[in-house]
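Here the structure is laid out as structure tokens; the discussion comes afterwards.
The values are calculated or read from the model by the stated rules, or taken from the named source; none is laboratory data. The model shown is predicted, which means the values in this text are computed figures rather than measured ones. Note that each Cβ is placed from the backbone with ideal geometry, even for glycine, and that neighbours are counted across all protein chains shown. Accessible surface areas use protein heavy atoms only, side chains included; no ligands, DNA or RNA. Shrake-Rupley method; radii C 1.70, N 1.55, O 1.52, S 1.80 Å.
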Amino acid sequence: MAHTDIRPPVHPVPDLHGNGLRLRPWDAESEVDAEAWFRGRTDPEFRRWNTPLKITTDLDSARESLRDAARNSAQGTAASYCVTDAATGAPLGHVGVNLIDRLMSSARVGYWILPEARGRRVATHALALTARWALTEPGSGTGLGLHRLELGHAVGHDSSCRIAERCGFTPEGTLRDAMWEAERQDAYRDVHLHARLATDPDVNL
């Protein structure tokens, strides 16, 4: 006799929907996802403002990076989303909740958008969806339940600053030499820090 009270496990990174977008977990074994990740991480605009710990140089390193992201999601220390067009499924970019600290109930959020999707408020809508999920109490499995979500960008990255403020991330100040310079791991630059709390008003876009 079947046990009707046994429920399937909730995926640690549930799909998010809104404003014509579907945010879903990245799939390291998908050629489409690996190609999108490779293009995003090697895009000149991404490289101008970000220097990751591991540099993506080809499709193999892109897949390995995606596998790292999947492992972090499975361990509960991060949640990485592929931002897609809800109608076509085409990848548009990435948004991730990183460095999840359950003790302090906080995390860092970051994002990038593929060149062909820029200028359509994709980053704004994707960030708003992700922040709402991250700062919502779990309840029936609908949220991550964090209290504080931080967003840092290199000083001078004005478009990222505007997106953060549009999504309710309050500017909190400048962190000196808090990230690497572009394409270097031996020199530093300042970071403009924003944050949003679970107790802040929700943002309607």
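Observations on the model:
- Residue check, residue 135 surrounded by 23 or more Cβ atoms within 10 Å (Cβ to Cβ) and within 16 Å of residue 76 (Cα to Cα): yes
- Those residues of region 10-55 which are open to solvent by less than 30 Å² (accessible area, probe 1.4 Å), more than 20 Å from residue 157 (Cβ to Cβ) and among the β-branched types (Val, Ile, Thr), in sequence order: 13
- Residues satisfying the stated conditions in region 151-181, i.e. in a strand (DSSP E or B) and surrounded by 15 or more Cβ atoms within 10 Å (Cβ to Cβ): 151, 152, 153, 154, 178, 179, 180
- Residue in region 59-80 that is open to solvent by less than 60 Å² (accessible area, probe 1.4 Å) and within 24 Å of residue 156 (Cβ to Cβ) present: no
- Sole exception among (1) within 23 Å of residue 131 (Cβ to Cβ); (2) out of contact with any helix residue (DSSP H, G or I) (no Cβ under 9 Å at 6 or more places or on another chain); (3) at pLDDT 95 or above for residue 85, by number: (2)
- Residue 184 being over 21 Å from residue 133 (Cβ atoms), open to solvent by 50 Å² or more (accessible area, probe 1.4 Å), touching a residue at least 12 places away in the same chain (Cβ under 8 Å) and basic (Lys, Arg): yes
- Of all the listed residues (76, 20, 40), the sole one being modelled with pLDDT of 95 or more and out of contact with any Asp or Glu (no Cβ under 8 Å at 6 or more places or on another chain) is 40.
- Per-region count, region 187-205, residues aromatic (Phe, Trp, Tyr) and either open to solvent by less than 70 Å² (accessible area, probe 1.4 Å) or within 16 Å of residue 95 (Cβ to Cβ) (or both): 0
- Looking only at region 95-121, and only at residues there that are small (Gly, Ala, Ser) and either in a loop (DSSP other than H, G, I, E, B) or modelled with pLDDT under 95 (or both), the one that is surrounded by the most Cβ atoms within 10 Å (Cβ to Cβ): 105
- Qualifying position, being assigned to a helix (DSSP H, G or I) and buried (at least 18 other Cβ atoms within 10 Å of the Cβ), among 129, 92: 129
- Near pairs, Cβ below 9 angstrom, 6+ apart or cross-chain, from region 41-66 (touching a residue at least 40 places away in the same chain (Cβ under 8 Å)) to any residue that is among the acidic types (Asp, Glu) and not in a loop (DSSP other than H, G, I, E, B): 66/33
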